[in-house]
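One structure below.
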């Protein structure tokens, strides 16, 4: 099984890389954020970043640091031979990133200028959670970049240190970025 973990900053284009892998290479895309949103709704909690961070840390403490990767792999296994690979988005904890690598996976870090990323998130307004100032956006990112607790909490800086491939996405041309990502991932995809 080919498995790719997407990591990087918010609004950088991780989902765009995932879309490319689905559209052009037959991968199953699993958003661990969606799994966490579903759990928040099931518990009757607001779907906010802090709540999702709390749930993910709870799950890691209870089921192991690789729990989100395991949940994605279970979805892939249930699908049988329907997909050629699995792409998991996002990897935000070094333990889950290492678990993905231990399964033979590759980590792809996607980044972009903070102002570009903020503009993308602010313009898409998926939820009221996206309606924030640039300063709030950067403060949230900083909180996720370094450990704020034990090994089960987020630490995107440590995940970045485990990345195998780095992509920069400052353009608004999605198709060009998908092609750039595909070129850099070509050895993995063949």
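Coordinate-derived values only; no laboratory data. Treat the numbers as computed from the prediction; the structure is a model and nothing was measured. Heads up, the Cβs are rebuilt from the backbone with ideal geometry, glycines too, and the neighbour counts pull from every protein chain shown.
Keeping to the stretch 76-93, report how many residues are part of a loop (DSSP other than H, G, I, E, B) and touching a residue at least 12 places away in the same chain (Cβ under 8 Å). Even if it seems obvious, please write down each step before you answer.
To start, the set of residues in the stretch 76-93 that are part of a loop (DSSP other than H, G, I, E, B) comprises 79-84, 90-93.
After this cut, where a residue has to be touching a residue at least 12 places away in the same chain (Cβ under 8 Å) as well, the list is 79, 82-84, 90-93.
Of the residues in that region, 8 qualify.
With the stretch 1-68 as the region, which helices (runs of 4 or more DSSP H) entirely inside it contain at least 2 residues that are within 16 Å of residue 96 (Cα to Cα)?
Values: elements: 14-25, 32-42, 49-63.
So the answer is 32-42, 49-63.
Determine which single condition residue 61 fails, assuming it passes every other condition in (1) under 17 Å from the mean Cα position of the chain (by Cα); (2) within 16 Å of residue 155 (Cα to Cα).
Unmet condition: (1).
Per-residue answers, yes or no, for (1) within 22 Å of residue 33 (Cα to Cα); (2) touching a residue at least 60 places away in the same chain (Cβ under 8 Å); (3) assigned to a helix (DSSP H, G or I); (4) in contact with a strand residue (DSSP E or B) (Cβ under 8 Å, 6 or more places away or on another chain):
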{"site": "158", "(1), (2), (3), (4)": "yes, yes, yes, no"}
{"site": "167", "(1), (2), (3), (4)": "yes, yes, no, yes"}
{"site": "172", "(1), (2), (3), (4)": "no, no, no, no"}
{"site": "178", "(1), (2), (3), (4)": "yes, yes, yes, no"}
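Restricting to the stretch 1-36, what's the tally of residues that are buried (at least 17 other Cβ atoms within 10 Å of the Cβ) and free of Cβ contacts under 8 Å to residues at least 40 places away in the same chain?
Residues that pass the stated criteria total 2.
Can you name every residue in the stretch 37-57 that is more than 24 Å from residue 117 (Cα to Cα) and touching a residue at least 60 places away in the same chain (Cβ under 8 Å)?
Within the stretch 37-57, 57 is the sole residue that qualifies.
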